[in-house]
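The values are calculated or read from the model by the stated rules, or taken from the named source; none is laboratory data. Note that the coordinates shown come from a computational prediction; the quantities given were computed from them, not determined experimentally. A quick note on method: Cβ atoms are made from the backbone with ideal geometry, for glycine too, and the neighbour counts reach across all protein chains shown. Keep in mind that these areas ignore ligands, DNA and RNA; they rest on the heavy atoms of the full protein, side chains included. Shrake-Rupley method; radii C 1.70, N 1.55, O 1.52, S 1.80 Å.
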Amino acid sequence: MEFKSFMETALEEARNAAARGEVPVGAVVVSASGEVIGRAGNRTREDNDPTAHAEVLAIRAACAHLGAERLSGCALYVTLEPCPMCAGAIAAARIARLYYGASDPKSGGVAQGARVFAHPQCHHAPEIFDGIAEIEAAALLRDFFAARRC
C-alpha cells in the first residue's frame, strides 16, 4: 500500500481553528484502510473546555465512528507535537502511528518535556514521525500569536 499523508487535512483544521480564534492546531485520525474517521481543530475557547485539544476531539470522533474505545491500526496526523495530556490519550486509544508537524519546546509531550511514550508506565507507544509539513505548521502558529500581540 502506498503512503499518503493526511497532513494537509490537519492543516486545514488548524486554519479553521485560527479563523474561530482558537490556537491553530488541527488533527486527523485515519483508519488502516486510509479513511478519515475523525478530524478536528482546537476548540478549548469555543467549548470552554481545557481538554478540547484537536487530538482529543479527533480521537473522540474516530472512536464514535468505529463504536470502539481503541483505534488500533489507525494513524493520527497533528500539526503540532502533542502535549502530555494528548500523548496520554494517544496511548490510551492505542494509535499505531503518530505524524506531527512542528515541535513544541514549551508544551510538547512527545520529544520535548514529559516524553510520555518513553515512560515505563506508558502501556502503548505509537510509531512516531515528526517534521511533517513542519514549516507550514510552525508558520500558522507564529502568525497567529504575532497577530494577538499587536
| Roughly what would the spin-label model give for A19 and R70, points 7 Å off Cα along C-beta, in nm? | 3.8
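If the only charges are +1 at each Lys and Arg Cβ and -1 at each Asp and Glu Cβ, what is the size of the charge dipole of the range 1-120 around the Cα centre, to the nearest 20 debye? Don't skip to the end; give the middle numbers.
Working: 12 positive and 13 negative charges, 40 e Å.
In total the dipole reaches around 200 debye.
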| Considering only the chain, what is the antiparallel percent among its DSSP beta bridges, to the nearest 5? | 50
| query | What percent do you get for the relative contact order of the chain when only Cα pairs under 8 Å and 6+ apart count? | reply | 19
| Can you tell me the accessible area per residue over the range 46-150, all protein chains present, probe 1.4 angstrom, in square angstrom? | 51
| query | Distance in nm between label sites at H123 and D47, each 7 Å beyond Cα in the beta-carbon direction? | reply | 2.2
| What does the highest-first list of 67-75, 102-110, 85-93 look like by mean Cβ count within 10 Å? | 85-93, 102-110, 67-75
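Using mean Cβ contacts within 10 Å as the protection proxy, how do 142-149, 123-130, 26-33 order, highest first?
Order by mean packing, descending: 26-33, 123-130, 142-149.
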| Over its Cα atoms, what ratio of radius of gyration to 2.2 N^0.38 Å does the range 1-82 give? | 1.04
| field | Burial order of peptide ranges 9-18, 54-63 (average beta-carbon count within 10 Å, highest first) | value | 54-63, 9-18
| note | Between the residues L66, I132, G41, the Cα farthest towards the positive end of the dipole of the chain, that dipole coming from +1 and -1 charges on the beta-carbon of Lys, Arg, Asp and Glu, is from G41
